[in-house]
2 protein chains.
Amino acid sequence: MTTTVDARSASGTSTLDLGPARALSCRECGHQIPLAAEFACSECFGPLEVAYDFGRIRREDIEAGPKSIWRYRGLLPVPTDVQSHPNTEPGLTRLVRAERLGAALGLRNLWVKDDTGNPTHSFKDRVVAVALAAARKLGFTVLACPSTGNLANAVAAAAARAGWESVVLIPSSLERAKILTTAVYDGALIAVEGNYDDVNRLATQLAAEHEDWAFVNVNVRPYYAEGSKTLAYEVAEQLGWRLPGQIVVPVASGSQLTKVDKGFRELGELGLVEASPYKVFGAQATGCSPVSSAYKAGTDVVTPVRPDTIARSLAIGAPADGPYVLDTVRRTGGAVEDVTDEEVVAGIRLLARTEGIFAETAGGVTVATAKKLAESGKLDPDAETVLLITGDGLKTLDAVADQVGPRATVPPSAEAVIEALGR
Amino acid sequence: MTTTVDARSASGTSTLDLGPARALSCRECGHQIPLAAEFACSECFGPLEVAYDFGRIRREDIEAGPKSIWRYRGLLPVPTDVQSHPNTEPGLTRLVRAERLGAALGLRNLWVKDDTGNPTHSFKDRVVAVALAAARKLGFTVLACPSTGNLANAVAAAAARAGWESVVLIPSSLERAKILTTAVYDGALIAVEGNYDDVNRLATQLAAEHEDWAFVNVNVRPYYAEGSKTLAYEVAEQLGWRLPGQIVVPVASGSQLTKVDKGFRELGELGLVEASPYKVFGAQATGCSPVSSAYKAGTDVVTPVRPDTIARSLAIGAPADGPYVLDTVRRTGGAVEDVTDEEVVAGIRLLARTEGIFAETAGGVTVATAKKLAESGKLDPDAETVLLITGDGLKTLDAVADQVGPRATVPPSAEAVIEALGR
């Protein structure tokens with residue numbers, strides 16, 4: 001099912017089985033290099049991404065595969081024997097028919113992809129699992145990242161499962177809950193006196209100095225990012241091997257949105273689905289909306305901002321893939337929109353009330369953005385529409401803490417309960 | 001695949017499609033009544049459970065079914081068309097090969113069933129989904145429960161998804177996080193000034209007075225409890241249609257343990273697996289260990305206790321199914337064991353460190369009990385062994401809060417990070 005190719009690593013002569021992955025290719029100048037732990041083009045410093053030689057891939061083989069992202073291993077830069085090493089087995093999360101949310105939004109054919117069911121309850125388990133599988137093959141022995149939340153959880157958990165050391169760098173001001181949910185996996189969690197930018201800079205420096213450390217979102221980023229394609233594969237398979245007409249994706253670095261588009265295109269090119277047209281929409285919080293601003297201004301230039309939003313998992317002020325998001329959205333006929341923090345909380349509550357899914361703030365951004373896009377007529381109310389819910393409300397309880405609580409507090413009597421219910 | 005039978009409800013002449021369910025049968029005296037919203041035997045006040053007429057059930061039909069507990073609808077008291085009504089679609093959670101945990105425990109063939117992947121991150125989504133499906137058919141319109149945590153989340157979420165009203169009764173002293181994670185679904189959450197016993201009594205009274213309220217764990221309990229069988233079905237299917245040699249199950253009311261056993265037996269009787277012998281082990285926290293105490297005393301009488309343990313989701317001092325747990329454990333050659341709160345926390349940390357799975361306190365009870373049973377030789381180190389992890393650590397952060405944290409807090413320099421790591 002997968003094609004194994006020879007490739008020479010940057011360091012010399014090793015043969016690298018990363019499944020169908022053939023080379024790293026510069027997204028700017030197209031220059032190609034052999035598969036290696038590189039992330040920037042040696043010619044133009046553009047970002048590298050994985051290029052493939054896919055063999056013949058059949059729906060039946062995928063359907064007969066494991067109930068995790070590894071059913072798509074023939075489409076990912078992971079070894080053919082990826083399943084023989086311990087990893088977190090994320091994916092194949094629920095695609096939920098959302099009639100009640102659809103009625104509230106005026107969308108008559110709506111689905112929610114609920115990625116809170118992953119091992120550490122966010123889509124980051126997908127990208128980290130792919131990064132770990134590739135990193136093992138690339139010769140790394142330590143899994144690392146700078147993070148403020150979901151990624152820290154995912155890296156620490158995956159490393160624990162694999163028996164690897166992990167190094168997770170966080171700003172020392174991080175909330176207690178996020179520290180605990182990372183520290184419990186017992187890797188090396190280091191709190192850095194500084195903000196996320198400081199932590200990020202440190203990670204880049206450490207990645208350069210320690211050749212056995214795989215910083216998932218730095219020096220193995222080309223492999224890591226491919227993990228997001230699995231969201232597209234699953235949506236299409238779960239719809240019955242069909243592309244949706246519209247999809248709304250939250251935008252942080254922008255990588256996820258571009259990879260969902262890449263995944264849809266690959267499925268069409270491989271004949272696994274009919275290559276029907278689809279529109280990709282991006283969702284941002286107004287307090288960190290550089291891509292939405294660029295989209296609305298009609299420009300290709302994404303001007304960095306200083307984030308100020310409760311949607312902290314999307315708060316990347318200088319999104320690396322912002323220009324590619326603009327390309328994708330414009331090419332497919334979508335749009336980028338942004339919503340206020342008040343709308344974010346209302347979006348979280350609307351999704352919970354109508355579908356029983358409790359999303360983190362990023363999910364509130366997606367739902368609220370879909371609402372805005374539907375109201376403005378940019379989303380077709382009759383097209384098959386998918387919203388990506390990429391993280392869990394349990395991790396961002398503060399967002400709703402002021403707004404929800406018991407209907408009433410009553411003495412222990414049936415009459416008091418009935419009275420409180422107004423029945 | 002499922003057999004639809006006619007049944008008359010207690011109220012008269014309605015025909016009830018609850019799939020293969022045929023009647024309610026008293027677990028004490030065997031008296032049978034038609035399917036209805038009853039939970040106690042009219043002859044002897046014993047607990048009622050669902051009796052079935054299974055049609056022919058084939059592995060292939062199950063395997064071709066939905067990727068949720070509804071693939072087993074032919075084995076559950078739910079309507080044949082259960083999938084045509086919105087519900088939470090729990091189940092088919094990961095069964096993880098646990099080599100690293102196994103090495104730590106001295107168990108050479110160990111699996112972990114990770115039920116944190118359910119919609120609200122505990123096994124309660126299974127039982128509530130079955131209760132909702134049956135309750136709809138039984139004519140109820142409100143989903144309700146008394147709860148201190150996981151059940152509250154599951155009921156509020158399932159009702160939201162279905163568009164039903166919910167009434168969730170909690171002690172007013174409940175932790176803020178558990179209130180938020182229930183209230184966000186916007187049902188009627190009522191805080192009662194009293195302890196869980198007060199809340200439970202209120203629920204029984206309200207269930208008697210309001211015939212349209214389905215208290216999932218009171219008046220529709222016989223249907224609700226069957227949902228736990230799906231844990232057994234999934235374990236067997238995920239092992240390749242085979243029963244494990246040993247399984248360790250946490251004990252609260254004891255219902256889950258008895259239903260896991262029932263599920264294994266049904267699979268054998270239906271020829272879906274070879275009816276090979278297996279041992280069922282129960283796990284309790286020492287601070288609430290009435291069943292373990294009875295087991296060790298060699299008696300059939302479970303003496304109620306006042307719970308005092310951090311494993312609050314298991315803290316039922318008078319477990320309704322305690323005697324049935326003793327029967328099951330003794331019949332299969334298993335045991336019941338209990339562990340201290342310190343051991344519970346160590347169990348949570350051991351599972352996280354070795355397998356990247358962050359369990360709630362009940363999971364810590366299961367792991368720590370398995371450790372104790374392995375050390376005492378009661379668990380065969382070579383038998384295929386499954387541990388049930390039924391809830392998520394994100395909901396019981398306080399259990400580990402004093403014990404885990406960053407390795408170090410350092411200034412933003414690479415040297416400081418390296419020094420902190422001792423490398």
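The values are calculated or read from the model by the stated rules, or taken from the named source; none is laboratory data. Remember, predicted model here, so these are calculated numbers, not experimental data. Cβ: placed from backbone, ideal geometry, glycine included. Neighbour counts: every protein chain shown. The protein model used for the area step is the full one, side chains on, heavy atoms only, and it has no ligands, DNA or RNA in it. Shrake-Rupley method; radii C 1.70, N 1.55, O 1.52, S 1.80 Å.
Miscellaneous remarks
- The set of residues in the stretch B:159-180 that are open to solvent by 10 Å² or more (accessible area, probe 1.4 Å) and in contact (Cβ under 8 Å) with a residue 40 or more places away in the chain comprises B:161, B:162, B:163, B:175, B:177, B:178.
- Inside the stretch B:160-180, residues that are part of a helix (DSSP H, G or I) and more than 7 Å from every other protein chain (Cβ to nearest Cβ) make up a count of 3.
- Pairs where the first residue, in the stretch A:401-423, is on the phi < 0 side of the Ramachandran plot and the second is of a type in the set (S, T, N, Q), C-beta under 6 Å, 6+ apart: A:409/B:172; A:414/B:205
- Qualifying residues in the stretch A:396-409 (those that are out of contact with any helix residue (DSSP H, G or I) (no Cβ under 7 Å at 6 or more places or on another chain) and not polar (S, T, N, Q)) - the one nearest to residue B:121 (Cα to Cα): A:398
- Condition met for residue B:329 (touching a helix residue (DSSP H, G or I) at 6+ places or on another chain (Cβ under 6 Å) and at pLDDT 95 or above): no
- Criterion (β-branched (Val, Ile, Thr), away from chain A (no Cβ under 13 Å) and on the phi < 0 side of the Ramachandran plot) met by exactly one of B:385, B:354: B:385
- Residue among A:412, A:319, A:323 that is in contact with an Asp or Glu (Cβ under 8 Å, 6 or more places away or on another chain), more than 29 Å from residue B:117 (Cβ to Cβ) and away from chain B (no Cβ under 14 Å): A:323
- Within the stretch A:118-145, tally of residues that are open to solvent by 10 Å² or more (accessible area, probe 1.4 Å) and within 11 Å of chain B (Cβ to nearest Cβ): 1
- Failed item in (1) within 25 Å of residue A:310 (Cα to Cα); (2) at the interface with chain B (Cβ under 10 Å from one of its Cβ atoms), with residue A:196 passing the rest: (2)
- Of all the numbered requirements in (1) at pLDDT below 95; (2) part of a strand (DSSP E or B), residue B:11 misses one, and that requirement is (2).
- Leading residue by the ranking (nearest to residue B:127 (Cα to Cα)) among those in the stretch B:376-390 that are not in a strand (DSSP E or B) and not aliphatic (A, V, I, L, M): B:390
- Residue within the stretch B:367-376 that is in contact with a Ser or Thr (Cβ under 7 Å, 6 or more places away or on another chain), farther than 22 Å from residue A:149 by Cβ and in the same structural domain as residue B:295 (by TED's automatic domain parsing) present: no
- If you go through the stretch A:189-243 and keep only what is free of Cβ contacts under 8 Å to residues at least 40 places away in the same chain and of a type in the set (A, V, I, L, M), you end up with A:189, A:190, A:191, A:192, A:208, A:232, A:236, A:243.
- Selection status of residue B:247, in contact (Cβ under 8 Å) with a residue 60 or more places away in the chain, among the aliphatic types (A, V, I, L, M) and not in a helix (DSSP H, G or I): yes
- Where strands (runs of 3 or more DSSP E) fall wholly inside the stretch A:19-98, the ranges with 3 or more residues that are away from chain B (no Cβ under 14 Å) and in contact with a helix residue (DSSP H, G or I) (Cβ under 8 Å, 6 or more places away or on another chain) are A:48-52.
- Cβ pairs under 9 Å, 6+ apart, first in the stretch A:52-69 and more than 30 Å from residue A:27 (Cα to Cα), second of a type outside the set (Gly, Ala, Ser) and open to solvent by 70 Å² or more (accessible area, probe 1.4 Å): A:61/A:1; A:65/A:1; A:66/A:83; A:67/B:67
- Applying the set (1) buried (at least 20 other Cβ atoms within 10 Å of the Cβ); (2) out of contact with any Cys (no Cβ under 6 Å at 6 or more places or on another chain); (3) of a type outside the set (S, T, N, Q) to residue B:41 leaves exactly one unmet item: (2).
- Of A:339, A:365, A:305, A:301, all but one fail to be away from chain B (no Cβ under 14 Å), crowded, with 24+ Cβ neighbours inside 10 Å and within 30 Å of residue A:28 (Cβ to Cβ); the exception is A:365.
- Counted residues, the stretch B:56-89 - those being open to solvent by 30 Å² or more (accessible area, probe 1.4 Å) and either of a type in the set (A, V, I, L, M, F, W, C) or in contact with a Ser or Thr (Cβ under 8 Å, 6 or more places away or on another chain) (or both): 4
- Candidate set from the stretch B:391-409 (those that are assigned to a strand (DSSP E or B) and within 7 Å of another protein chain (Cβ to nearest Cβ)); member that is farthest from the chain's Cα centre (by Cα): B:409
- Number of the condition not met by residue A:373 [criteria: (1) open to solvent by less than 10 Å² (accessible area, probe 1.4 Å); (2) aliphatic (A, V, I, L, M); (3) under 21 Å from residue A:122 (Cβ atoms)]: (3)
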